[in-house]
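K.L.:
If you scroll down you'll find the structure; I have some questions about it.
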Amino acid sequence: MSNETENADLSRRKFIKGAMAMGALGSMGAGLLSAGARAAGVPDGKIMTGSHWGAFHANVKNGRVVGLEPWSGDPHPSHQLPGVMDVVYSPTRIRYPMVRRSWLEHGPGADTAGRGAGDFVRVSWDKALDLVAQELKRVRDQHGPRAIFAGSYGWKSPGKLHNCQTLLARAMMANGGFVSRSGDYSTGAAQVILPYVVGSIDVYEQPTAWPVVVEHTELMVFWGADPVVTNQIGWQVPDHGAYPAMESLRKKGTKVICIDPVRTETCQFFGAEWLAPRPQTDVALMLGIAHTLYAENLHDKAFLARYCTGFDRFVPYLTGKNDGVVKDAQWASGICGLPAQTIQDLARRFAGHRTMLAAGWSIQRQHHGEQAHWMLVTLAAMLGQIGTPGGGYGFTYHYANGGSPTATSPVLPGITAGAKPPAGAAWLDAGGSESIPVSRIVEMLENPGGSYDFNGKRETWPDIKLAYWVGGNPFAHHQDRNRMRKAWRKLDTFIVHELQWTATARHADIILPCTSTFERNDIEGIGDYSMSHILAMRKAIDPVFEARNDYDIFTDICQRMGTREAFTEGRDEMAWIRSFYEAARVQARGKRMEMPVFDVFWNSHKPLGFPVSEEAKGYIRHKAFRDDPLLNALGTASGRIEIYSSTIERMHYDDCPPHPTWMEPVERLGGAGRYPLHIVSSHPRARLHSQLCGTVLRKNYAIQEREPCLMNPQDAQARGISNGDVIRVFNDRGQILVGVRLTDDIRPGAIRICEGGWYDPADPRQPGSLCRYGDVNNLTVGIGTSKLAQGNCGHTGMAQAEKYKGALPPLSVFTPPQGAAT
Ligand SMILES: Nc1nc2c(c(=O)[nH]1)N[C@H]1C(S)=C(S)[C@@H](COP(=O)(O)OP(=O)(O)OC[C@H]3O[C@@H](n4cnc5c(=O)[nH]c(N)nc54)[C@H](O)[C@@H]3O)O[C@H]1N2
Ligand SMILES: Nc1nc2c(c(=O)[nH]1)N[C@H]1C(S)=C(S)[C@@H](COP(=O)(O)OP(=O)(O)OC[C@H]3O[C@@H](n4cnc5c(=O)[nH]c(N)nc54)[C@H](O)[C@@H]3O)O[C@H]1N2
Ligand SMILES: [Mo]
């Protein structure tokens, strides 16, 4: 039985499958570490570790980290490293276990409208752990494991042991089970529909390797993707291999087009052609291009016949034969706002060149987001370049350095959610841990016992009494904040482990302070896609204040519940790390590579490198399928690319028809909705979501201490707004303050406020209260993408903006709640 938390990790790793299979089993070359000699256990000095931002040495003096030095093998260290260090000591660091006063005095369910008001009482660790264990037992005994939601989602920290979400799942499994979640916020729509279209989730898989793109691609199209910004980070420790590759592409002078409401950093880096359609209209634009290809006979009929099914059933929709609407360039122009001529030209240019459609994920993080990736694959299929060197599509050129050639290396295992729960939990035995689509948590809280559709099934919402969150910030990442806060009141108890006083921590009933990466030992791979090294993440400093490792916290909770042995299997931190390394070593031997013994590796203060074969550098996505579509059939029902899906047809969803379709989103620029400005909520350049918002980095981008908002001068002029003003952005769902930066780098009608700004309500008890810092998810739409995927719609939302004329309210989210710092 598997657990969703692991699945999420696994799915992020799945892409390596193809690349692993093709790896030549050569002997270990010069890439293998020559075990350098550094004395172990030196308290001060340079300690090697790493994070979502890369591998680095922590410079430690008198037991404090005083600087970070990027690993010499990092070709493009992240500019965010000063913030990564500041997380350890910032005023927003959580120091002690705390309990919300009403909860402590009156028990579970007391004054749940007071969550977030900051009235905490400091307690001892013993007391806090007793309370957690007692409450878990109470809920489990009174309501069953189906009343515990521990599908805690979020970007935690890397490390194969201190993987707090899997540790949470492991602790919950040891104690009878829990409700988990499936999918993620990143690709919620695409990862559910693509298996019907191309037979795998595809969206996390290795695309055609960068060296092939640099050599063969003639036209690179970044479609809703900003790789220069988003490749800074990785799910594991990033190798940053996309940066030298992008530099080569630029040097070569390859033509680049960016289709984006914002003239992104990527667009500027390449000096690319910028096309700025109305947000959320990409499917219409793609249809307009597809129609031009069809009308001008530019589509690849041989490819469609040999490798695809259902094109014949899509054509009547494209031509309007079945609904009277011709989806030609003129029609698309009316929706997306680009001139029809430009759309027709795109079709001709795509068909006339070796074209790579490199799509980001914003275009599917929207209402009806499933259609975007389906239509993009359809467009690529019509162009007939899938499986050719440098042509086709790629869904990860912007993410974790996808396209960095995959090394021949072992897969490093990590902590798991453990064995099956004890007998008696029949609902769990039936099909594994129950899960909900990750971003439907508010519906779940609002409708206990109600039913919902998801991916062909009809399911029932559980009745949750207790939620447990580690390594995520739902009060940043989830949409429609005020609706969410209301739904949260249903919970008797909300338990959180955090290292930062995020809004989520502030909304907890019990908050337990955990360590940062610097305060513990771990092991991790470098390069989600390149798998180039194994990194010893060595403890640099002792835990700050009373912080403890998530692992130790759960061990002590399990101890209190009588399940310590099931949780630890008798291993401590180093025993686990050693066991993961040894398992990788056995695998490596199977590939005729010799890895050094653990102690040599651990004491080397250098990542252990693996060789990259020529074959890996020449990897072409879907080449095997193109070479032999029978032998290498896709995992779809037909074994081919499905432009029409009979499986989806049988689901009879009104919001996900059986072929890619333009459907109006609930609100959009130029479409439905009564507010005039579309909110683009991109991923931030100087944060990882909400991580590092509490650090020194904020000074570099905040405007009058608020989250920045990009606005076109035309929109500002119409509202009497000047550069640097604080404005109130609002709609029926909420209102936030942000600081304005006027620029022509965003199209009129759209404003950009990045996700992850810390939520800071002026009056936490008041629904709809003004967020003083600028959490964009006060304004976004909280519905699912469709019945098929039930993904989040973070990029859907319209608002109005006005100059804020009142006295600027002081912020409180960057100082700890009262009593938390003493
Ligand atoms: N409007 C809008 N909303 C969005 C998006 C969007 O594009 N637009 N994007 C969505 C996407 S793709 C994502 S992935 C989500 C991201 O949402 P999250 O992943 O929830 O965001 P993070 O800020 O990374 O939160 C991780 C938290 O884990 C904590 N943490 C780190 N290490 C540890 C640890 O070892 N132990 C514990 N206990 N805690 C730890 C950090 O301090 C931080 O608060 O946001 C989604 N929300
Ligand atoms: N620095 C940094 N890097 C990150 C992250 C981070 O928080 N910070 N988060 C990581 C994670 S978890 C994820 S999931 C990925 C996210 O990767 P993506 O989902 O690709 O990132 P977004 O920033 O949501 O959107 C990318 C681009 O799409 C544009 N865009 C928005 N709406 C539309 C639209 O309707 N049409 C078109 N054509 N373009 C649109 C935005 O302006 C932006 O430039 O990034 C990862 N990398
Ligand atoms: Mo994400």
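K.L.:
Could you run through the stretch 170-194 and say how many residues are outside any loop (DSSP other than H, G, I, E, B) and either open to solvent by 10 Å² or more (accessible area, probe 1.4 Å) or within 15 Å of ligand 1 (Cβ to nearest atom) (or both)?
P.N.:
Residues meeting the conditions: 9.
K.L.:
Something else: Quick check: anything in the stretch 254-265 in contact with a Cys (Cβ under 8 Å, 6 or more places away or on another chain), within 9 Å of ligand 2 (Cβ to nearest atom) and among the charged types (D, E, K, R)?
P.N.:
yes
K.L.:
Does Leu167 satisfy the condition of being assigned to a loop (DSSP other than H, G, I, E, B), in contact (Cβ under 8 Å) with a residue 40 or more places away in the chain, more than 16 Å from ligand 2 (Cβ to nearest atom) and of a type in the set (A, V, I, L, M)? Show your work before the answer.
P.N.:
Working: assigned to a loop (DSSP other than H, G, I, E, B): no; in contact (Cβ under 8 Å) with a residue 40 or more places away in the chain: yes; more than 16 Å from ligand 2 (Cβ to nearest atom): yes; of a type in the set (A, V, I, L, M): yes.
Here the answer is no, as Leu167 does not meet what is asked.
K.L.:
Report yes if some residue within the stretch 378-396 is within 16 Å of ligand 3 (Cβ to nearest atom), more than 22 Å from His678 (Cα to Cα) and touching a residue at least 40 places away in the same chain (Cβ under 8 Å); otherwise report no. It would help to see each step written out before you state the result.
P.N.:
Residues of the stretch 378-396 that are within 16 Å of ligand 3 (Cβ to nearest atom), as a first pass: 395-396.
Going one step further and asking which of them are more than 22 Å from His678 (Cα to Cα), we end up with 395-396.
If we keep only those that are touching a residue at least 40 places away in the same chain (Cβ under 8 Å) as well, we get 395-396.
Yes, because at least one residue in the stretch 378-396 is within 16 Å of ligand 3 (Cβ to nearest atom), more than 22 Å from His678 (Cα to Cα) and touching a residue at least 40 places away in the same chain (Cβ under 8 Å).
K.L.:
Suppose the filter is within 16 Å of ligand 1 (Cβ to nearest atom), in contact with a helix residue (DSSP H, G or I) (Cβ under 6 Å, 6 or more places away or on another chain) and in contact (Cβ under 8 Å) with a residue 60 or more places away in the chain; does His689 pass it?
P.N.:
no
K.L.:
Across the stretch 349-373, what is the total count of residues that are in a helix (DSSP H, G or I) and surrounded by 15 or more Cβ atoms within 10 Å (Cβ to Cβ)?
P.N.:
Within the stretch 349-373, the subset in a helix (DSSP H, G or I) is 349-352, 362-364, 370-373.
Okay, now just the ones that are also surrounded by 15 or more Cβ atoms within 10 Å (Cβ to Cβ), so 349-351, 362-364, 370-373.
Of the residues in that region, 10 qualify.
K.L.:
Oh, and also: Would you confirm whether or not the stretch 443-450 contains a residue that is closer than 21 Å to Gly177 by Cα and in a helix (DSSP H, G or I)?
P.N.:
The answer is yes; a qualifying residue exists.
K.L.:
Among the residues of the stretch 608-667, which ones are at positive phi and either outside any loop (DSSP other than H, G, I, E, B) or surrounded by fewer than 20 Cβ atoms within 10 Å (Cβ to Cβ) (or both)?
P.N.:
Gly639, His652
K.L.:
Let me ask something else about it. Farther than 23 Å from Leu710 by Cα and in contact with a Lys or Arg (Cβ under 6 Å, 6 or more places away or on another chain): is that true of Gln818 in this structure? Please lay out each step first, then the result.
P.N.:
Values: farther than 23 Å from Leu710 by Cα: yes; in contact with a Lys or Arg (Cβ under 6 Å, 6 or more places away or on another chain): no.
Judged against the criteria, Gln818 is not a match.
The values are calculated or read from the model by the stated rules, or taken from the named source; none is laboratory data. Just so you know, these numbers come straight off a predicted model, no measurement behind them. Neighbour counts are summed over all protein chains in view; Cβ atoms, including those assigned to glycine, are modelled from backbone coordinates with ideal geometry. Just the protein is used for accessible areas: all its heavy atoms, side chains included, with ligands, DNA and RNA removed. Shrake-Rupley method; radii C 1.70, N 1.55, O 1.52, S 1.80 Å.
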